[in-house]
Structure formats: C-alpha cells, structure tokens
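Enquirer: Shown below is the structure under consideration.
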Amino acid sequence: MSGYRRFVAYVYEYQKQKKGSNRGFVRVENKNGICRFQLQLQCPGLIGQMPCTIYGFIRNKDGIEGIPIGICMTQKDEFRWEMEAKDGQMGKSRRKLEDFGGMVFRTEGGRFYAT
C-alpha cells in the first residue's frame, strides 16, 4: 500500500548519559500524509502530573537537534501520549517524519527517555 508506513520503536531510560532499562514503546504510523504517534511507558517511581516534552531529533554535524513536537502529563509510574499531525508540520517545524532519527522524552523533573 503506497502512502502507508508503520513502525514501533522501543524507548529506554537514560541515567547519567547511559542507556538503561526498556520502559516501553512508541508506535508511529504515517498514512496518506497524516502521522499518528502513540507512546506507552512504564516508569517505576515516576511522579504524576509532571509535564514531559516530546522531541523528534535530527542528526547533524554538531550532534543532534531536538525539535519539540508535543507535551504530555505523566501519571504515577507511567505515561501515555497520543498525537496526530500532518507530515511536514511536526510541532512548530516544517519537518517531515522521514527527517527524524528518533524521539526523546524529557520530564520537568529531569528524567530522560529516548528511542
């Protein structure tokens, strides 16, 4: 089927810049120019009602550049998030899904997760 792409990426917690435990997944679907994201993470000790910024990242010669694409609120020990956007209108950027190398999730409390 043309115009359709779907994949799942595992999300890991990072502490002190070291990859830690798998905490869940993000499911991404691009169908006819509409991108749908679904995130599900289990994070023991996570405080509820804390903002988490979701970034798509792009690799460049200086490292990576984070493009904010959404915000969600955590729940106790977990967070879930869903978003739908037109491809080429991710957050406030004009980036397409194919431009991103992965995703990063940062809580206001300093916890860090990435695909």
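Enquirer: In square angstrom, what is the accessible area per residue of the chain with a 1.4 angstrom probe?
Expert: Accessible area per residue, the chain: 62 Å².
Enquirer: Quick one: P(r) of the chain from all Cα-Cα pairs, 5 Å bins, percents rounded to integers, in order of increasing distance.
Expert: 2, 11, 23, 25, 19, 12, 6, 1, 0
Enquirer: Further question on the same structure: Considering only Arg36, Arg95, Arg59, give the residue with the highest GNM mean-square fluctuation for the chain, with springs between Cα atoms whenever their separation is below 10 Å.
Expert: Arg59
Enquirer: Cα-based count: Lys pairs in the chain below 28 Å, eight or more positions apart or different chains?
Expert: Count of close lysine pairs: 14.
Enquirer: Ok, one more. Roughly how many percent of the accessible protein surface of the chain is carbon and sulfur, given a 1.4 Å probe and a whole-percent answer?
Expert: Roughly 46 percent, rounded to a whole number.
Enquirer: Whole-Å semi-axes of segment 1-57's equivalent ellipsoid, largest first, each the root of 5 times a Cα gyration tensor eigenvalue?
Expert: Gyration-tensor ellipsoid for segment 1-57: 27, 13, 10 Å.
The values are calculated or read from the model by the stated rules, or taken from the named source; none is laboratory data. Model, not experiment: these values are computed from the prediction. Just so you know, the surface numbers come from the protein's heavy atoms only, side chains and all, with ligands and any DNA or RNA stripped out. Shrake-Rupley method; radii C 1.70, N 1.55, O 1.52, S 1.80 Å.
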